[in-house]
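The numbers here are math on the coordinates, done by the rules we state, and not lab data. These numbers come from a predicted model, not from an experiment. With ideal geometry, Cβ positions are generated from the backbone for all residues, glycine too; neighbour counts draw on all protein chains shown.
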């Protein structure tokens, strides 16, 4: 009985002493408050056109006696594609796939890449900072700028653009003018699809097109 | 007999109770006002905290509103990006202490996902010692969460003792 009573009184006593001492132990706290925000996916717009065409017209010059196509005016069509950063997130990589019109092919090694800043200042991007490859089967020219920051010292910021220029030549030179072309000169349509990345995030693929007419001479 | 025993136990119990709280109050008061003589434990953030970001398109700021707090804001994380915050903690008391930390999501969040946090906080700090804490916040590669804001606190608790 006495033992039980002693235990009953001793245990709370010890608890009180321990908690009293614990209370006496001094503590301090430091707090670091963090507010972190992830970026939005890159956003781009694409426009394209032809640098050396007047009134979007190519003249196909045909020899009278045998209807062989001897040349075009201009000799090659110079194409430009502008890929503009239309979002707030900077861009470090762009890819352009250009589907050349039928009857046309890419003039090898004729690719020029530029970064155009908002004040119109131009930074040339040379190789090896971009690659250009051509699939003759699908007539698709692919140009990739892998690391804009390395190439230019800066990311592609909002409203800045990557301009890609290349030349395409008429594939029917030296051949006879196809039937129907004389009476109905073809209109050629050229499509470009572009995608942009920052780290692992990509923009939506955006497609633009441009067309030009022909005139048989 | 039992009544006597109860009395004999109750009296010391009451004395110790009062002494326990009295001691606590005394120590607390002494810590507050006469820290040097009684032994204190007090950790403060000293100097100027700094922040660096892994990409130039990121923006990061760190402020130091009082000796026990820093506020860090970083925006425009893309996958693989990270920010590094560096700050000094000084034990301005006279007692060594143990350090622990707790990451506490705020703003109704249950985690700091998609971010990860790491630091080099040591487990102890000596009187007069200044330690430099480097905290790294990372948005791991492969993250798909875009335009997301995450808030959290990192509470660093110091307790006197070794």
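Values as computed for the structure displayed
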read-out: Order of A:102, B:64, A:55 under a 10 Å beta carbon neighbour criterion, fewest first; value: A:55, A:102, B:64
read-out: Angstrom value of the Kirkwood radius, inverse mean 1/r, which spans all Cα pairs in the range A:30-121; value: 17.7 Å
read-out: Order of A:70, A:62 under a 10 Å beta carbon neighbour criterion, fewest first; value: A:70, A:62
read-out: Per-residue mean of C-beta atoms belonging to partner chains within 10 Å, peptide A:131-144; value: 0
read-out: Computed FRET value (nearest 0.05) for residue A:31 with residue A:11, which takes r as the C-beta separation and R₀ as 41 Å; value: 0.65
read-out: 10 Å Cβ neighbours from other chains, averaged over peptide A:182-193; value: 0
read-out: Rule-of-thumb Rg ratio for the range A:48-95 [Cα; 2.2 N^0.38 Å; N residues]; value: 1.89
read-out: Exercise: per-residue mean of other protein chain Cβ atoms within 10 Å, B:102-110; value: 1
read-out: Percentage of interatomic Cα-Cα distances in the protein assembly as shown larger than 27 Å; value: 67 percent
read-out: Average projected area [Cα convex hull, the range B:43-160], square nanometres; value: 7.4 nm²
read-out: Helical mean residue ellipticity (222 nm; -39500 (n - 2.57) per DSSP H run of 4+; nearest 500) of chain A; value: -4000 deg cm²/dmol
read-out: Efficiency of FRET between residue A:88 and residue A:66 - r from beta-carbon atoms, R0 56 angstrom, step 0.05; value: 0.40
read-out: Tilt relative to chain A, helix A:2-24 - C-alpha long axis, 0 to 90 degrees, to 10; value: 50 degrees
read-out: Rounded D (µm²/s) - the range A:44-199, Kirkwood Rh over Cα pairs, Stokes-Einstein at 4 °C, 1.567 mPa s; value: 77 µm²/s
read-out: Order of A:95, A:3 - criterion: other Cβ atoms within 10 Å of each residue's Cβ, fewest first; value: A:3, A:95
